[in-house]
1. Please report the net charge: other residues with Cβ closer than 15 Å to the Cβ of residue 125, K and R +1, D and E -1.
2. Determine ³J(HN,Hα), in whole Hz, for all residues of the range 82-88 in sequence, where each value follows from phi through the Karplus function 6.51 cos²θ - 1.76 cosθ + 1.60 and θ = phi - 60°; x replaces Gly and Pro.
3. For residue 97, what accessible area in Å² do you get when you roll a 1.4 Å probe over the heavy atoms of the protein chains, rounding to the nearest 10?
4. For residue 90, what residues show an amide H to amide H distance below 5 Å, using hydrogens built from the backbone and excluding near sequence neighbours?
5. Please compute the net charge surrounding residue 154, taking Lys and Arg as +1 and Asp and Glu as -1 over other residues with Cβ under 13 Å from its Cβ.
6. Can you tell me the length gained on complete extension of the stretch residue 85 to residue 41, counting 0.36 nm per residue apart and subtracting the Cα distance?
7. Could you pull out every residue, at least 5 positions away or on a different chain, whose amide H is within less than 5 Å of the one on residue 138? Hs are placed 1.01 Å off N in the peptide plane, and Pro or chain starts have none.
8. Using the Cα atoms as the points, what is the convex hull volume per residue of the range 43-112 in Å³?
Amino acid sequence: MYKPYLSLVNKLNKTAWFFIAAIALSTLVVSPSHALKDDIEKPVHINADSVLFNKAKGLAVYEGNVTIVQGTLDIRASRIEINAVNNEISRITANGSPVSFQQKMDDGKLAKGKANRVIYQVKEKRIVLDGNASISQNNDQFTSNHIEYSTRNGELKAGDKNAPGKGRVKAIFYPTNKTK
C-alpha cells in the first residue's frame, strides 16, 4: 500500500539536500567560508507532526514543528512544502514564525539565518527570504524585509522597490584585514 510513496519519500529526502544546500549557501554572502564539507555526506533527518505525500500532484507537505538536520545544518519551520512534478523538484517553500537555519562553516564559525518565509526556486537556483529576513555569521549581519540570493551567480538583492521607505536594508560588516 505504501510502496508507491516510498520511492517519492526517498527521492524527496535525497533532493531535500538541494534546499538545505541553497539555504546554507545564502549564509555565505556574509563570509567567504564554506559549510562543513562533511555535512553533505551525513543523512538528512526530517521530523514533523504530520506529512502529506501526493505523488500524482508531485507534492509533499511537512507540517508542525518541522526540523531538518544534516550534520551541523539545522532548519526549523512550521511548514515545508516540496513541489516535485514528475519527481523533479521545482520549488520548496518553508514558512514559520520565523523559519530559522544555522550551519557550522569550515572555519568553525556558525552561520545563521531567519525569515518568515523561505522559498527555493530550484531551476532558477534562487532563494527568496521574505519577512524579517536576516543572515549572519559571527558579528557580521545582513537584514531586510526581503532578500533574494542567486546560488548560480552569487548575486544578492535586498529591499522592496515596490514599498519605498519600508523594509530598509541594514548591513554590518567587521573588517578582516586588521593592520598591525
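The values are calculated or read from the model by the stated rules, or taken from the named source; none is laboratory data. This one's a predicted model, so the numbers in the text were calculated from it and none came from an experiment. With ideal geometry, Cβ positions are generated from the backbone for all residues, glycine too; neighbour counts draw on all protein chains shown. Ligands, DNA and RNA are stripped out before the accessible areas are found, and what is left, the full protein with its side chains, is counted by its heavy atoms. Shrake-Rupley method; radii C 1.70, N 1.55, O 1.52, S 1.80 Å.
1. Working: positive: 91, 123, 126, 152, 157; negative: 88, 124, 148, 155.
Net local charge, residue 125 excluded: +1.
2. 10, 9, 9, 5, 6, 6, 10
3. Here the residue's solvent-accessible area equals roughly 110 Å².
4. Under 5 Å from the amide H of residue 90: 83, 84, 85.
5. +2
6. Numbers: separation 44, 0.36 × 44 = 15.84 nm, distance 2.61 nm.
Gain on extension, residue 85 to residue 41, equals 13.2 nm.
7. Distant-sequence amide H within range of residue 138: 110.
8. So the per-residue Cα hull volume is 94 Å³.
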